[in-house]
Amino acid sequence: MAEIVMGGLFMFIFKETSRNAYDGHRGDAIFAKNYYLQFKLRLPHPDTIDQVMRELPPQLVEELKAHLVSKLFEQKTLRKFRFLDKYYHIAFDATGIQTFDKRHCEHCLTRTSKTDIVTYFHYVLEAKLVTSSGLAISIASEFIENRENRDFDKQDCEQKAFGRLAVKIKKQFPRLPICILADGLYPNDTIFGICRANDWRFIITLKDGCLKTFHQDAGLLKATAKGRSVYRADKTTRTTLEYKFLNDIEYKKNNYSWVSCIETKVHLSDKTNEVQQFIYITNVPQTLDNVVNTADGGRLRWKIENEGFNTQKNSGYELEHKFSRVSYNAMQNYYQLLQIAHMINQFVEKSKDFIDLMKEHSKQTIKALWNELSVFMRTIPYTEALFEAFISG
Ligand SMILES: [Zn+2]
């Protein structure tokens, strides 16, 4: 079983992009030998991996992921990224992973176009640890699946999946101090209640029109908002950020805080101005000392889309590739293995050795280095002596 699960994991760690590509490497004698010498495991046939993935309960692979992630929290490396020296930023968002023009399984969600064309697809709600350094690590995932055989309504289903995902996170990480980051679909009393029950903090994007009474109260009180401004400069831009906050705004018998950040960015090259406003609702009472961290924390939500979903779709992990066309069970297992592989690779790509290597080859991309790793595995017969020579430089 270790060889089979590791084989599936390895497919993603090596960014193999398909089961066929993996099988091509597996058939290469030098590659297989190097793999064996590194891991003391054989490379299984992709059909064998697939058969197991169709049968293996996905919660087992997810528990493996949770176990690895809990080790990360035990280490001190991620502590410096915590909000208020206590809470880990956990961003929630859903993304589409597969689309089919015929029904793929009984859990497919469906959407009917104006011309009556039915599309079948799968969506997953992710909870990812995000850091200002650019990590986006899956701590738990929940598939949004068709249970009542009706048309897909993103908001409705994503909200329900949030409830299930919250239960899962509380079970797997019962004492983890969490600060939830989420987009404009999330500010509502159900979500606030789940956070309150779990003793979680949240910083949630507030869009115009939602939480009407909250908006009205914030509007009336705006003149009294306290705040501070921050100036940031880099090689190409000069940025002024105006932070403002209001506390004790009542919404459905509980009090929350309102946070606003207006960012004015001047591009030095053409002297153009870019102005953006970000508004959040939070259950963290605001002060002049924490308002900057709160609003900046709220903006980390983007990392689940960029470093999270975009990287997994477009940078070698092929999140949308149909690793299994027939089995929903296998699809979920491949999804979890991809999450574990991406976590491992992020730590490699942020390691000092790797960053030094990128500097040495300044025109190299991560993708090109990964190709070289694969070429190395296929061409350099690995020996213990060679390995020793590498280590001793
Ligand atoms: Zn399906």
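As an exercise, use a Förster radius of 25 Å and the Cβ-Cβ distance of ASN198 and LYS313 to find the FRET efficiency, rounded to the nearest 0.05. According to the calculation, E is roughly 0.25. Between the alpha-carbon centres of segment 59-109 and segment 219-270 there is a gap of 30 Å.
Please report the antiparallel percentage of DSSP beta bridges with both residues in segment 70-218, rounded to the nearest 5. Walk me through the numbers before you get to the answer.
Numbers: 23 of 31 bridges.
Of the beta bridges lying entirely in segment 70-218, close to 75 percent run antiparallel.
Each of TYR317, GLY298, SER327 was placed along the dipole of segment 238-344 (beta-carbon charges, centred on the mean Cα), and the one lying farthest toward the positive end is SER327. Helix 212-221 and the longest principal axis of the Cα set of the chain meet at an angle near 60°. When the P(r) of segment 82-154 is calculated, the portion above 18 Å amounts to 50% of the C-alpha pairs. Entry note: segment 84-240 has Rg to Rh equal to 1.05, where both radii use alpha-carbon atoms and Rh is the Kirkwood radius. Residues considered: ILE262, ILE178, ILE139. Largest GNM mean-square fluctuation over the chain, using C-alpha springs under 10 Å, is found at ILE262. Between VAL167 and GLN75, the distance separating the two model label sites (each 7 Å from Cα on the Cα→Cβ line) works out to 3.3 nm. Note on segment 43-146: Lys pairs 8 or more places apart or on different chains, Cα atoms under 20 Å apart, count 10. Specify the residue with the greatest mean-square fluctuation among ALA29, ALA140, ALA91, computed from a Gaussian network of the chain linking alpha-carbon atoms under 10 Å apart. Greatest mean-square fluctuation among the candidates belongs to ALA29. By the count of other C-beta atoms within 10 Å, a proxy for reagent exposure, TRP302, TRP258 are ordered fewest to most as TRP302, TRP258.
Modelled spin-label separation between ARG103 and THR115, with each label point placed 7 Å from Cα along the Cα-to-Cβ direction: 2.4 nm.
Considering only THR112, THR236, THR77, the Gaussian network model of the chain with Cα springs below 10 Å gives its largest mean-square fluctuation to THR236.
When the helices in the chain are scored as -39500 (n - 2.57) per DSSP H run of 4 or longer and the sum is shared across all residues, what 222 nm value do you end up with, to the nearest 500 deg cm²/dmol?
So the calculated ellipticity at 222 nm is -13000 deg cm²/dmol.
Straight-line reach from LYS359: taking Cα to Cα under 23 Å and skipping same-chain neighbours fewer than 8 places apart, the lysines in range are LYS15, LYS235, LYS350, LYS367. By definition, a body whose alpha carbon gyration tensor gives a ≥ b ≥ c is oblate when a/c is 1.5 or more and a/b is not larger than b/c, and segment 201-329 fits this oblate description. For segment 71-122, the C-alpha radius of gyration divided by 2.2 N^0.38 Å, with N the number of residues, is 2.02.
I need the shape label for segment 164-242. Rule: rounded when a/c is under 1.5, else prolate if a/b > b/c, else oblate, with a, b, c from the alpha carbon gyration tensor. Note, shape of segment 164-242 comes out oblate. In whole angstrom, note down how far apart the Cα centers of segment 170-201 and segment 341-363 are. Rounded to whole Å, the Cα centres lie 33 Å apart.
Quick note: the coordinates plus some simple rules give every number you see, no bench work behind them. This structure is a prediction, so every number in the text was calculated from the model and none was measured. So basically every Cβ, Gly included, is an ideal-geometry build from the backbone, and we count neighbours across all protein chains shown.
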